1. With the checklist (1) touching a helix residue (DSSP H, G or I) at 6+ places or on another chain (Cβ under 7 Å); (2) at pLDDT 85 or above in hand, flag the one item L6 doesn't pass.
2. Would you point out the residue of segment 53-74, among those that are part of a helix (DSSP H, G or I) and exposed (fewer than 13 other Cβ atoms within 10 Å of the Cβ), that is modelled with the highest pLDDT?
3. Show the residue pairs that are 6+ apart or on different chains and have beta-carbon atoms under 8 Å apart, the first residue being within segment 42-67 and touching a residue at least 60 places away in the same chain (Cβ under 8 Å) and more than 14 Å from F27 (Cα to Cα), the second being among the hydrophobic types (A, V, I, L, M, F, W, C) and in a loop (DSSP other than H, G, I, E, B).
4. Just give me the residues in segment 11-40 being surrounded by 15 or more Cβ atoms within 10 Å (Cβ to Cβ) and either farther than 14 Å from Q57 by Cα or among the aromatic types (F, W, Y) (or both), in sequence order.
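The values are calculated or read from the model by the stated rules, or taken from the named source; none is laboratory data. Please read all numbers here as calculations on a predicted model, not as lab measurements. Heads up, the Cβs are rebuilt from the backbone with ideal geometry, glycines too, and the neighbour counts pull from every protein chain shown.
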Amino acid sequence: MFPATLRVGVWYIAALCPHCKRLIPLFRDLTQGASNFRGSYQMTCPECKHKGVFEGQHYKPSATECLPEVANVQSASQADESNLA
């Protein structure tokens, strides 16, 4: 279900975890972000393992989000920031 690797400039449909707020790419968006998309998905977050209904949205990753090392560092630093709040 999840794209193995993200590509810069490619649109995806992604779900937002209501628990940890991670954006999870699900599949390619063949409308390139142009449709009036509304959808929700019952799934488990691969990051925090929360099970529930996730709202879908259009998503176009930046160059830094396509690098696994950078994405993991950003994810960890965001978690640290939320623990401080």
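1. Condition not satisfied by L6: (2).
2. Among residues in segment 53-74 that are part of a helix (DSSP H, G or I) and exposed (fewer than 13 other Cβ atoms within 10 Å of the Cβ), the one modelled with the highest pLDDT is T64.
3. From segment 42-67, the pairs are C66/L6; C66/V8.
4. Within segment 11-40, W11, Y12, C20 qualify.
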